[in-house]
1. 7 Å from Cα along Cα→Cβ at both Ala677 and Thr205: what's the point-to-point distance in nm?
2. Could you work out the relative contact order of the chain? I mean the mean sequence separation of Cα pairs under 8 Å and 6+ apart, divided by the number of residues, in percent.
3. For Ala110 and His190 in the same chain, what is the full-extension length gain: residue separation times 0.36 nm, less their Cα-Cα distance, in nm?
4. Would you please give the residues with an amide H less than 5 Å from that of Leu211, counting only those at least 5 places away or on a separate chain, with H modeled from the backbone geometry?
5. Along segment 328-336, what does the Karplus equation 6.51 cos²θ - 1.76 cosθ + 1.60 (θ = phi - 60°) give for ³J(HN,Hα), rounded to whole Hz, x for Gly and Pro?
6. For the residue pair Asp538 and Ala596, what label-to-label distance in nm results when each label sits 7 Å from Cα along the Cα-to-beta-carbon direction?
7. For Lys504, give me every one of the lysines with a C-alpha distance below 29 angstrom, ignoring sequence neighbours fewer than eight places off in its own chain.
8. Which of the GluC sites (Glu not before Pro) found in segment 13-90 are loop residues per DSSP with 10 or fewer other Cβ atoms within 10 Å of their Cβ?
Amino acid sequence: MKSTYLIVPFAPLLGAILCGFFGHQIGRANAHRIAILGVLVSFVAAVSILLETLAGERFNGMLYEWATVAGIRFQVGFLIDTLTATMMCVVTFVSLMVHIYTIGYMEEDAGYQRFFAYISLFTFAMLMLVMANNFVQLFFGWEAVGLISYLLIGFWFTRPTAIYANLKAFLVNRVGDFGFALGIGLVLAHFGSLDYAAVFEVAPTKATEMLDLGIVQWPLLAVTCICLFIGAMGKSAQFPLHVWLPDSMEGPTPISALIHAATMVTAGIFMVARMSPLFELSDVALSFVIVIGSITALFMGFLGIVQNDIKRVVAYSTLSQLGYMTVALGASAYSAAIFHLMTHAFFKALLFLAAGSVIIGMHHDQDMRHMGGLRKYMPITWITSLIGSLALIGTPFLSGFYSKDAIIEAVGEAAHHGQAGAGFAYFAVLAGVFVTAFYSFRMVFLVFHGKERFGQGHGHGSDHHASQGHDAHAKHDAHAKHDDAHADKDTHAHEHHGLAPGQKPHESPWVVTLPLVLLAIPSLIIGFFTIDPLLFGDFYAGVIHTDAAKHPAMSLLKEEWHGAVAMGLHALTSLPFLLAASGVACAWYCYLINPALPAMIGRVLSPLHYVLEQKYFFDRFNDFFFSGGSRLLGRGLWKGGDQALIDGAIVNGSWRLVGLVATSSRGVQSGYLYHYAISMIVGVALLLFWFVPLLSR
C-alpha cells in the first residue's frame, strides 16, 4: 500500500485532533494553519492518486483486520479506482476552500478552534467512506458523517433552533440508516461476505433468488437494493426523508457549503454508484430510485420559489439537484450522476459561500427582501454568484450544463425504452429546468439588482428573523457567539442584525472572496474539459457497471456524442435551454420590471402559496404524527404503565394487599383462649367434612 493512500484521510484527521484537543494551547491562528495544511496535503495526495488511476493503477487491499466473528472478517481497507479518486479530489478541494473561507467567516467566534476541528474531522469521515472497500468501513464513514453533521448543524448549541435542527437531522438520518443497516445485513446473510469485490462477484448468481418475507416473496436483490437506497434517501435528502436538509441552515455558512456540496449529501449518490453491480440486476429497485429522485427534483424546486432567506433558496436548490442525480442513478446513468455530483460540488459550494459573503456584507441580514443593488458594492461576490447561478441552471458551455443535459438526455432514452417511472421522471427533470432557472435568478435579481432596500432588517423588528433562526439569530442571541469577523467593531455590532439606516454593504475580505474565485473557475470550465472522458470514455470502465442490453441510455448517448463544442451549440436550440431562458426571463420581469406581480399572483394563488410556504405540511405531519405520537405513547406508558400498573398495581398494590391480609388476620389474634379453641374446632370440622372425603375418592 502506498503512503499517499494513508495521507489522504489521515492528514485531516491529524489536523482535527490537534485543533480539537490542543486548540487553546496552539492558539487560533495556528489552529487554522494546521487544519488548512492537513486538508491541503490531503488534496495534493488525492490529485497524485487521480493521476495514477488515469495511468491505469488500481488498489484493493486491507489496511488491518479489526475483528473476526463466526468466520466473518471485519476489515478496514481501501479501494482506489477512478470513482474513488474523483470523489477524493472533489471532497478535499471543496473542503480546502471551506477551510480558507472559515478564517474570515468565523474569526470572532468563541468556538473557532472547535469549528476547525469539526470540519477537518468531517472531511476525514467522508474520505473514509469513499475509500472503503467493504461495507463495514462504508458504514463507519456513513455514521461518522452523520454524527459530525449533528455537531456542526448545532454548532451554536445555545440556540434552541439549532438544537432542534441538529436533532431533526440526526433522527431523520437514523430512519434512513435503519434501512441501510438492513440492506447490509441482507448482503452478509445471503452473499456471505462484506467485501465489495466478493459481493459483486456473487451478485449475478443471486439475480433470481427470492426472499421469503412471510406472506409474500420478493426478489432478494430488489429488497437489498431498496434497503440500501433508503439509507441514501436519508443521507442525500430524498423525498420523504428530505425534511432535515433545509433546517441544516442553522449551522454556520461554511458547514452549509461543505454538507451540501461535497460531503454528507453526496454520500448516498456515491454509494448507489458504487453498488451499480447490484442495482443493475434489479429493475424494481431502479424504478423505485428514479421515481423518488424525480419527485425530489421537481417538488423541492417549487419550494425554492417562495423562500426569502438567501441560504434557504440555495438549500432547496441542493435538494432539487440531488433529485437530478438520483434520477440519473435510476436510469442507469451512474457516470452522469457522478459527473453532476462533481460539477454541482463546485458551483453549489460557490453559491453557499457567496451567500455567506452577502450575509457578511449585509451585517448578518439574510432576508433577500432587505437587499437589492448589491452588485456595485460587492462586485466579486456578484460575479461569482452569477457564474454559480448560470452553471446551476445549465447554461451552455458552463459546467452544470454538460452534466445536467446528460442526465436529461439519459432519462429521455430510459423513458423511450419503457422503463417504469422514467416517463414521469423525464417530465420532472424538464419542468425542473424552468423552476431552477426561475428561483435561481429570482435570488440574483433580488440580491444584486434592482432597488436598494437596505436598512429594513435593522434591529429586532425583522419579521423574517423573528420567525426563522438562521445565522443572524446567532448574533442576536445574547448567549450565541457571532460568526462574522467583518461586522462593525463598535459596541452595537452584536446587538442588531442588518444594515442600519444610512449604512451601505461592503465587499468581503480576501479570505472570503479568494475561495469564491477559485470555485468559480471549475464552475466555468471543468464540465467542458471532463465530459468526454468521464461520460463517454473509459474513465469508469470496470468500476461502474451497466447492462447496456437492458439499460441502453448511456450507450445510446455515446453513439450520438460529437464533442463538447457541438453539444453546447446544439443545446442553444434545445427544449431545456428554452425552458431555462424562459425561467430567467420570467424572474427578470417579475422582480425587476413588474415587482408587484409576484405579490398579486401570491394573492390569487394563496392556497397554493400557503402549501408551498408550509413545505407541503411535511414538518407539521412529522411533528404531529411522529413527534406527537411518540410523546403520546411515552405519556401513555408513563401514566398507564409506570404509574398505574407498576407503581400503582404491582408495587403499591402488593403492599396494600399484604397490609389488608395483616389487618384481617390481626383480628383473630385476640389473646383469649376460648377464641383459639373455637378456631381449632372449626378447623377440625372442615378437615373431617371436606378434605378427608376428597382423599377417599
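1. 9.3 nm
2. Contact order relative to length: 13 percent.
3. That works out to 23.7 nm of additional length.
4. When sequence neighbours closer than 5 places are left aside, the close amide H contacts are Trp218, Leu220.
5. Each residue of segment 328-336 in turn: 4, 4, x, 8, 6, 8, 4, 5, 5 Hz.
6. Placing both labels 7 Å along Cα→Cβ, they lie 6.6 nm apart.
7. Lys311, Lys348, Lys376, Lys451, Lys475, Lys481, Lys489
8. none
The values are calculated or read from the model by the stated rules, or taken from the named source; none is laboratory data. Computed from a prediction, not measured in an experiment: that's the story for all the values here. Backbone-built Cβ (ideal geometry, glycine too); neighbour counts: all protein chains shown. Calculation scope for accessible area: heavy atoms of the full protein, side chains included, ligands and nucleic acids excluded. Shrake-Rupley method; radii C 1.70, N 1.55, O 1.52, S 1.80 Å.
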